[in-house]
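Asks: One structure coming up, written as structure tokens, with questions to follow.
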């Protein structure tokens, strides 16, 4: 279960979104491991089993690097929302460890003006006795399939981490980071996701990129369409297994059935 085509493609590291944890990837962990693939889903600082730590982007990148090393030193890195920004940052910092990058539900530049939109609700939620935990739990139960909501909530919601996350990514030059990564990139967005606003700019920034929009999916595309998303990830891992480390050029586009 390392990096060759006969053993299920390259290993996979799955990076979760803001307030969530590695438990959000439960459907993909089950399906990908059932295929014999090596896959891990670490918790970022301040989230999941690492609640109580302070979130920093450097610490998050270090968590991804450690996860890649855990699965053999080179992997397909898949990140959703905050995890997408972290995955892009990790790919830019450690391109030799990132065989391929899948940036999911994060095709919007986290410029300070956009970050301010999220500072306001974060501040309002902080004023509630539970920092908005009950509100967020109800939101996930209302918007996600039952299994998806359980996957999210079982890892806990790190409401207290939101402010630190927003401040860390507010000035992130994500397009420059994306442009600096020479490897293959998959930009994956749900058709109903509000974070698609800059997806064409993101695609132009990639040295070797492709864009896939998943129908009938929103921001949490991996839980809205778990089987489709799992196939996209598996296909990308198989594509990478056919490429020599460090090779460039266009590669087949996985997930055409989506």
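Asks: For a quick protection proxy, order the peptides 194-205, 222-233 by their average other-Cβ count within 10 Å, most packed first. If you can, show how the numbers build up before the last one.
Replies: On the way: 194-205: 16.7, 222-233: 22.6.
Per-residue Cβ counts within 10 Å, averaged per peptide and sorted highest first, yield 222-233, 194-205.
Asks: Along the Cα→Cβ direction, 7 angstrom out, place labels at residue 49 and residue 150. What is the inter-label distance in nm?
Replies: Between residue 49 and residue 150, the label points sit 2.1 nm apart.
Asks: Once the Cα gyration tensor of segment 1-103 is found, what semi-axes does its equivalent ellipsoid get, as square roots of 5 times the eigenvalues, in whole Å, sorted largest first? Display every interim value, and only then the final one.
Replies: Numbers: eigenvalues 91, 47, 22 Å².
Semi-axis lengths for segment 1-103 are 21, 15, 10 Å.
Asks: Turning to a different aspect of this structure: Compute the separation of the alpha-carbon centres of segment 150-226 and segment 19-56 and state it in Å as a whole number.
Replies: 16
Asks: Note down the relative contact order for segment 1-93 as a percent, whole number, built from C-alpha pairs under 8 angstrom at least six residues apart. The partial results should precede the final answer.
Replies: Values: 171 pairs, mean separation 31.7, N = 93.
So the answer I get is 34 percent.
Asks: Next question. In vacuum, with every alpha carbon of segment 5-240 counted as one equal point scatterer, what does the Debye formula give for log10 I(q)/I(0) at q = 0.10, 0.11, 0.12 Å⁻¹? Two decimals, please.
Replies: One equal scatterer on each Cα of segment 5-240 leads to -0.40, -0.49, -0.59.
Asks: Once fully extended, how much extra length lies between residue 58 and residue 138, figured as 0.36 nm per residue of separation less the alpha-carbon to alpha-carbon distance? List each step's numbers first, then the result.
Replies: On the way: separation 80, 0.36 × 80 = 28.80 nm, distance 3.16 nm.
The residue 58-residue 138 span can extend by a further 25.6 nm.
Asks: Same structure, new question: For residue 180 paired with residue 69, estimate the spin-label separation in nm (one decimal), with each label point 7 Å from Cα along the Cα-to-Cβ line.
Replies: The modelled label-to-label distance comes out at 2.0 nm.
The numbers here are math on the coordinates, done by the rules we state, and not lab data. Computed from a predicted structure; not experimentally measured. Please note: Cβ atoms are built from the backbone with ideal geometry, for glycine as well, and neighbour counts cover all protein chains shown.
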